[in-house]
Amino acid sequence: MSKSTLKYIGKRLLIALVTLFVIIAILFFMLKLMPGSPFNSEKLTPDQMAAVFEKYGLDQPIHIQFINYFKNMISGDFGISYSISKNASVAELVVPRAIISFSIGIIAVIFGTVIGIILGVFAALNRNTIWDTISTILSVLGVSIPSFVFALLLLMLFGVKIPVLPIIYNSRQPILSSIIPMLALSGSVIANVARFTRSEMIEVLGSEYMLLAEAKGINRKMLIFDHALRNTLIPVITVLAPIMISLITGSMVIEKICGIPGLGTLLVKAIEVNDYNVIMAVAFLYSLLYIGMMLIVDVSYGVIDPRIRLTKGENNG
């Protein structure tokens, strides 16, 4: 790996870390400024409430609380739950749910991206045919139909009409239980990636350098996969980050519909009872996932097309 590549990756990594810190700080102070607390029990007297706040360090100045929280967080200690599961480690609550949520989400992204690229390339190579029309219709439907509606249709079809998959998530059948939510989440990914891949592939295939290469007698298969597809993937990669956002927000509804014990349901419950530490931990993981995805996309974009890396390096310099 060249020195310029390492420098480019280092800058992107530093920006990602600073962004993550800013998100954590803003979220922490916003939660502290919100009305209410995790101990909104009418049974507690003012003295008892003060004792509870002192016990958990919530009586300290807000900046001291943030410094203590950040130090603990860096070491992997996200504190304890105040309300959902009193005095239980937040990590013990979050990690098992994160594994479920992220596994389904990541598989949905990978599956949707692969199928979307295949459909997009197929449609571009068969432009203005019945196959192109079918691919376009599927893409429009995938973008238009919300993931939760798609999930309900799949549940009705494969959970009720043809009962081959569980309707509600079953921890004893994690793979079968994940198929419907994974397909529901991947629908929009397939549609968006297929649309972008088709349009970019058509543009690349019609470019002057591709026409010249074809005129020189270069093998068509090599021309498509070694040259056209490589240039097509650059803009496709850039849309994966916003697609990931839609998956993060949409997964909460999907988890509720399919009864998945994931991060989405935990976050909603934590917000309802003002469980600060649980909210912070879940929000941190969501932010880490999104920023990590943005970092991967940014680095991949620069690696695929070195001109972008050099342009950004010159601009930053």
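The values are calculated or read from the model by the stated rules, or taken from the named source; none is laboratory data. All values derive from a computational prediction rather than experimental measurement. Cβ placement follows ideal geometry from the backbone for every residue including glycine, while neighbour counts extend to all protein chains displayed.
So which of TYR69, TYR82 ends up being part of a helix (DSSP H, G or I) and surrounded by 15 or more Cβ atoms within 10 Å (Cβ to Cβ)? Answer to the selection: TYR69.
Determine, yes or no, whether ASN231 is at pLDDT below 85 and outside any helix (DSSP H, G or I). No, not satisfied. Reported count of residues in the range 174-196, each being more than 19 Å from SER251 (Cα to Cα) and either hydrophobic (A, V, I, L, M, F, W, C) or over 24 Å from the mean Cα position of the chain (by Cα) (or both), is 2.
Looking at this structure, is ASN87 assigned to a loop (DSSP other than H, G, I, E, B), in the same structural domain as PHE196 (by TED's automatic domain parsing) and either free of Cβ contacts under 8 Å to residues at least 40 places away in the same chain or under 18 Å from the mean Cα position of the chain (by Cα) (or both)? Spelling it out, it is not the case that ASN87 is assigned to a loop (DSSP other than H, G, I, E, B), in the same structural domain as PHE196 (by TED's automatic domain parsing) and either free of Cβ contacts under 8 Å to residues at least 40 places away in the same chain or under 18 Å from the mean Cα position of the chain (by Cα) (or both).
For the range 1-16, filtering for residues that are surrounded by fewer than 11 Cβ atoms within 10 Å (Cβ to Cβ) and not in a loop (DSSP other than H, G, I, E, B) leaves 4.
Residues that are among the aliphatic types (A, V, I, L, M), over 20 Å from MET244 (Cα atoms) and touching a residue at least 60 places away in the same chain (Cβ under 8 Å): does the range 148-166 have at least one? Yes, the range 148-166 has at least one match.
Taken over the range 158-174, the residue count meeting the criterion of being of a type in the set (Ser, Thr, Tyr) and either surrounded by 12 or more Cβ atoms within 10 Å (Cβ to Cβ) or in contact with a Pro (Cβ under 7 Å, 6 or more places away or on another chain) (or both) is 1. You will find that of SER199, SER135, SER171, SER139, the residue that is within 21 Å of the chain's Cα centre (by Cα), polar (S, T, N, Q) and either assigned to a helix (DSSP H, G or I) or in the same structural domain as LEU267 (by TED's automatic domain parsing) (or both) is SER139 and no other. For PRO166, work out the one condition from (1) in a helix (DSSP H, G or I); (2) in contact with a helix residue (DSSP H, G or I) (Cβ under 9 Å, 6 or more places away or on another chain) it doesn't fulfil. Result: PRO166 passes all but (1). With respect to being among the aliphatic types (A, V, I, L, M), at pLDDT below 70, surrounded by fewer than 16 Cβ atoms within 10 Å (Cβ to Cβ) and not in a helix (DSSP H, G or I), ILE218 fits the description.
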